[in-house]
1. For the chain, what does -39500 (n - 2.57) per DSSP helix run (n ≥ 4), summed and divided by total residues, give at 222 nm, in deg cm²/dmol to the nearest 500?
2. Just how large is the dipole of the stretch 8-473 about the Cα centre, in debye to the nearest 20, putting +1 at every Lys and Arg Cβ and -1 at every Asp and Glu Cβ?
3. Could you give the alpha-carbon Rg of the stretch 329-430 over 2.2 N^0.38 Å, rounded to two decimals?
4. If you take the charge dipole of the chain about its Cα centre, with +1 on Lys and Arg Cβ and -1 on Asp and Glu Cβ, which of TYR360, TYR467, THR36 is farthest toward its positive end?
5. Report the far tail of the P(r) of the stretch 1-131, meaning the percent of Cα-Cα pairs longer than 24 Å.
6. With contacts defined as alpha carbon pairs under 8 Å and 6 or more residues apart, what's the relative contact order of the chain in percent?
7. So what are the radius of gyration and Dmax for the Cα set of the stretch 125-267, in Å?
8. Work from the charge dipole of the chain (Cβ charges, +1 for Lys and Arg, -1 for Asp and Glu, about the Cα centre) and give the residue of PRO57, ILE292, GLY142 farthest towards its positive end.
Amino acid sequence: MSFPKGFYWGGATAANQLEGGWQEGGKGVSCPDICTGGTATVSKRITPVLEEGTFYPSHDAIDHYHRYKEDIALFAQMGFKMYRFSIAWTRIFPNGDEEQPNEEGLKFYESLIDECLKYGIEPMVTISHYEVPFHLTKKWNGWADRRMIDCYLNFCKAIFTRYKGKVKYWLTFNEINSATTPMGGFLSQGILNEIKTMDFMDQVDNPNNRFQGLHHQFVASALAVKMAHDIDPNYQVGCMQIMATSYALTCNPEDEIVNQQKGHLMNWFCSDVQCRGKYPNYIKRYFKDNNITVHMEPGDDDILAAGPVDFYTCSYYMSNCQTADKFKESGKGNILGGVPNPYLKASDWGWQIDPIGLRYSLNEIWDRYQKPIFVVENGLGAYDKIDEDGKVCDDYRIDYLRSHIQQMHEAVLDGVDLRGYTPWGCIDLVSASTGEMAKRYGFIFVERYDDGTGDFSRRKKESFYWYKKVIETNGEDLD
Ligand code: BG6
């Protein structure tokens with residue numbers, strides 16, 4: 001068993017979840033910077049006015065801003081071929097709407113990219129990963145406003161020109177389809193419909209704003225693809241989706257049709273627009289049934305048609321079941337909704353573990369788009385602990401990753417054009433949904449805890465050595 005030659009093994013992170021240095025180098029305030037920490041059971045909070053004495057996890061995160069060289073050296077030790085990271089918009093444009101970029105921010109990422117290249121690690125850059133500049137939330141309610149497009153393109157232009165010849169792979173928006181759910185409104189689009197202190201998981205939702213925001217993001221993404229190709233014909237630009245594989249709970253046709261409708265909305269709508277360059281018909285029915293009106297400017301259709309992405313990427317963590325039975329309880333902890341699958345176990349956060357679902361989905365994606373695919377996030381959030389002998393024995397994580405890699409290999413044998421795998425949080429970092437450090441994904445343990453203690457020191461987990469061997473053998477040795 002081995003993967004295609006040149007397969008990109010690596011890892012993935014996002015700026016706001018690991019960098020810290022939230023006010024250094026001229027950086028402005030991003031939406032995550034006003035979020036408190038939470039836990040598996042208590043939601044983190046959005047506090048537009050920072051509270052004195054409250055802990056804000058993104059402010060220092062894991063201090064990667066000061067330790068990126070050490071971290072990239074550790075990735076190189078594992079043999080990474082690719083490192084997926086994001087550029088904090090507010091390091092380049094502190095408020096988001098300035099005309100000229102902040103040189104110190106550009107320099108920081110230039111140095112980070114050079115550090116990757118030094119080890120032969122191919123960078124994959126997420127342009128926008130869950131961190132709209134907070135100024136643009138206050139000014140325009142984030143992506144609900146069309147003027148965001150120009151600011152985003154200005155950001156793209158600054159980084160496309162600056163990193164030409166160094167970066168080849170770009171992703172326009174992380175998990176763009178998260179905004180088909182209420183949670184994505186603030187997280188992905190910086191939309192706050194009411195400015196007051198509130199639970200992250202219980203925001204005032206306005207679906208119209210979210211779908212209008214998505215339209216703006218589609219237009220921005222298509223224009224960014226075109227801009228990237230104009231600046232450097234070697235640039236490859238991808239979309240990035242949450243792949244939330246779902247199954248009908250029973251073979252009752254009523255369940256099947258609900259599953260298809262949910263799948264259309266969650267898994268296919270955004271990638272259909274980004275890969276095919278036009279809105280699918282089923283979404284028009286959804287808009288009509290849900291009283292959603294999306295305003296489109298003349299010419300938007302042409303922009304979408306001219307800017308399909310070059311490749312497809314997704315995160316994959318879990319699957320769920322769908323049913324027409326309104327009395328069935330939705331899965332506890334499964335933030336993507338659906339009801340529990342009786343055949344699957346779940347993580348400590350209630351995310352149902354389903355490696356075969358990954359093979360199934362990769363086949364579906366390939367059948368639909370025939371574009372190269374990367375799995376750019378996957379992994380197990382778990383409560384790790386340091387043993388008395390100083391080791392972190394995360395065999396449960398190894399089991400999780402092994403079973404998913406095996407199923408990716410099956411997908412390759414099925415004929416899927418899979419190009420790379422960058423598991424999430426290759427170094428422990430702050431959780432996006434709960435804001436906690438306790439939910440760890442890394443191959444590298446970071447001594448940072450949810451009460452703000454810890455000296456940020458790094459320690460290799462058992463999975464570090466295991467993953468190194470996986471990469472060395474191109475996926476042949478998974479033991
Ligand atoms: C994806 C995001 O949703 O999943 C990441 O792109 C996130 O930003 C990851 O961290 C895991 O989710 P969580 O909530 O466990 O951090």
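Taken together, the values in this text are just the output of simple stated rules run on the coordinates, not laboratory data. Keep in mind it's a predicted model, so treat the numbers as computed, not measured. A quick note on method: Cβ atoms are made from the backbone with ideal geometry, for glycine too, and the neighbour counts reach across all protein chains shown.
1. -11000 deg cm²/dmol
2. Charge dipole, the stretch 8-473, about its Cα centre: 700 debye, nearest 20.
3. In units of the 2.2 N^0.38 Å rule of thumb, it is 1.21.
4. Result: TYR360.
5. 35
6. 18
7. 17.1, 55
8. The residue sitting farthest along the positive end of the dipole is ILE292.
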